[in-house]
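Structure, as structure tokens:
No lab work stands behind these numbers, since they all come straight from the coordinates. Note that the structure is a prediction, hence the values are computed from the model and not measured. Here the Cβ is made from the backbone with ideal geometry for all residues, glycine too, and neighbour counts use every protein chain on show.
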Amino acid sequence: MKKFLSSKLFRFIWSFGLAALIYFICPPCFSKTSLGIILGILLILINAAHIIGRFAMVTHIARFLVGGLFIFSGFIKANDPLGFSYKLKEYFEVFQNDTGMAFFEWFAHIALPLAVIICASEIILGVMLLIGYRRDLTLWLLFAQIAFFTFLTFYSACFNKVTHCGCFGDFLKLKPWESFWKDIALMILITLLFSGKENIKELFAPMLLNALFTLGLLFSIGFPVYTYRNLPIFDFRPYAPGMNIKENMKYLPTYKPAEIETGFIYENIKTGEKKHFNLKNYPWQDTLNWKWFATDNVIVKDAVDAPKITDFNINNLEGSTITDSILNNKNYSFWLIVYDLNEAETNKTLMAEINDFYKLASMEKYQFIAFTASGPSDIDAFKHKHNALYDFVSVDQTVLKTMIRSNPGLMLVKDGTVIANWHWRNWPGFSEVKQTKMLN
């Protein structure tokens, strides 16, 4: 029996059976032809391992590509683990709404530690693959991780749930189908590594190998923890220091808006199948087979040369828009970003430092204003509890989370240009900021 389970025949049976299952359960949003080609490639790689293993160079190329991409992807996400946790939380909220399963809500609550774990695992697995450390364990963990991400990106693309996967943070935003095809390419490469795994050898002596693994592990964990507790070292967002918010809001002459097609999702009464229709072919008359389920707007063509910032809007507490007056302030101004007053860090030392900073800035006629998405009652309670004398304005929560990865965080702005920003853990002294950042 053991001999049969390790035979080529059994490998063919289980691989073909798994491929057939995937082929028949795949939703209609994905081309059966494309799926058949992908599964065919994977079947060939799995069942032709004895041939593929003879070409060591093919294995080494795949090894370099997979290891390098995992390290790069993990590093980019580890540079901004809080931003990646927002994306994971978005996925979990989608799954909870679609499935009704309560445990996804629990996953959403631990999105941040999960983000750190995923970032760290990508980096260390890439290192392990490149140096040949614990080959079989590494390959199986790589396969498990890419299978997980392939499912996420496929679900997102198929059901149009998440606009981009966060695979490379804000450095490179991939559309759902682009993310899926990237994961398919990695899935094929990892399968290729399994087929030629005998070519994957340890590159160094055991002592050096263990030392490199330990250093990689320490970096993979330490780096995302550091960037979470401070701010991303590499800031790719349109509110980064040096960026001009007004310029990033401008529409270029070459701008063309996205083309959006209004459609509908109808559910088949007999089979339960849900299908997208446009205005020309929706089955509104076929009430025996179809019933309306939801309105579904689909982007037919993406916007061309769209502004980097499209949703930045500041309102005072009376509801009036004051965006222009704040952005066009020619003097230095300080923005306290507190996207949610109830979730913000409010230890006594920090609150005292913020109040002192506000008083010193006000004495020298510099504007100090708090941006929040919280409502008037929360603002009143916060001001009363912490003796906050500065003014508050209202800004969308998602925008505030994008502006700075800290709650609260501080931004120094002049005439719409971001000069500097600070995490609450690194709250600066006013005199220090004036001497080092306010140079004219």
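Miscellaneous remarks
- Inter-site label distance for ASP136 and GLU198 at 7 Å from Cα along Cβ, in nm: 1.5
- Using C-alpha pairs below 8 Å separated by at least 6 residues, the relative contact order for region 73-214 is 26 percent.
- Sorted by Cβ neighbour density within 10 Å, fewest at the top, the residues MET363, MET411, MET243: MET363, MET243, MET411
- Counting only DSSP H runs of at least 4 residues, each contributing -39500 (n - 2.57), and dividing by the residue count of the chain, the helix-based mean residue ellipticity at 222 nm comes to -16500 deg cm²/dmol.
- Segment ASP356..MET57, full-extension length gain: 101.3 nm, with 0.36 nm per residue of separation and the alpha-carbon distance subtracted.
- Inter-part distance where region 4-34 and region 92-118 are each reduced to a Cα centre, Å: 29
- C-alpha center-to-center spacing [region 124-149, region 374-392] in angstrom: 49
- With each label modelled as a point 7 angstrom along the Cα→C-beta vector, the PHE103-THR287 pair spans 4.2 nm.
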